[in-house]
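> What follows is a structure written as structure tokens; I'll ask about it next.
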Amino acid sequence: MAQTATIYPLTIDLADMDRGVYETLDLRVARHPSETAEYMLTRVLAYCLEYQEGITLTDGVSSGDEPAILVRDLTGRITAWIEVGMPDAARLHRGSKLAGRVAVYTHRDPRQVMAQLEGQRIHRGADIPVRFFDRASIEEIAGLIERRASLSISVTDGESYLSIGDRSFTLPRVERRLASS
């Protein structure tokens, strides 16, 4: 019998001073049995850092042809395609043709991710930011997330800060771009 996703009700106080976004988000994040806690956390962070009207979390690793996060305008047109983890070039190529903007958020090894994507045919590849979170920080925070959790995420001057319980973290993030293909 197939296992079902575990639902994580998360309350997130988001204060993104760089973009002027101040929201309290009540998310129900479905974590597929094959999805790591680190992947789920990276997906939640990407959602918060990309938060805008029309944003939705898809079913994550079990979403098939969809990325981890989609943004649609009021007509239903896809305006942003946000991948998490280590997407292949074909997914980014497809997303770049469908959406006005594509981004990748990952906690994986930057050398591995970039090596997998460099030299591949990706529509507007040089316009796609690949944002890397520090793996050790993601692993530590992921270990603290319980089934029901409250988080605070602040962004100022490009730096991200996360609080969970009585613990606070600075989340180093590096951005790279793909070479033109």
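> Scan region 86-173 for GluC sites (Glu not before Pro) in coil per DSSP, keeping those whose Cβ has at most 10 other Cβ atoms within 10 Å, and list them by number.
Sites meeting the loop and neighbour criteria: 146.
> Let me ask you something else. Provide the per-residue ³J(HN,Hα) series for region 107-121, in order, calculated from phi with Karplus coefficients 6.51, -1.76, 1.60 and θ = phi - 60°, each as a whole number of Hz, with x at glycine and proline positions.
Along region 107-121, the couplings run 10, 7, 4, x, 5, 5, 4, 5, 4, 5, 9, 4, x, 8, 7 Hz.
> Calculate for the chain the 222 nm mean residue ellipticity that helices alone would give, adding -39,500 (n - 2.57) per DSSP H run of length 4 or more and normalising by residue count, nearest 500 deg cm²/dmol.
Taking each H run of at least 4 residues, the total per residue is -6500 deg cm²/dmol.
> Moving to a separate point now. Need the C-alpha centroid separation for region 130-144 versus region 40-96, integer Å.
Using only Cα atoms, the two centres lie 19 Å from each other.
> Evaluate Rg over Rh across region 122-181, taking Cα atoms for both radii and Kirkwood's formula for Rh. Spell out each step's value before the answer.
Values: Rg = 14.9 Å, Rh = 13.4 Å.
That ratio equals 1.11.
> How many percent of the alpha carbon pairs in the chain exceed a separation of 27 Å?
Cα-Cα pairs of the chain separated by over 27 Å account for 24 percent.
> Then there's this: By the scheme Lys and Arg +1, Asp and Glu -1, what is the net charge of all other residues having a beta-carbon under 15 Å from that of residue 113? It would help to have the intermediate numbers written out before the result.
On the way: positive: 91, 108, 111, 131, 135, 173, 176, 177; negative: 38, 83, 88, 109, 118, 134, 175.
Result for the local shell: +1.
Rule-based calculations on the coordinates, nothing more; no lab input. The model shown is predicted, which means the values in this text are computed figures rather than measured ones. Every residue, glycine among them, receives a Cβ derived from its backbone with ideal geometry; neighbour counts consider all protein chains shown.
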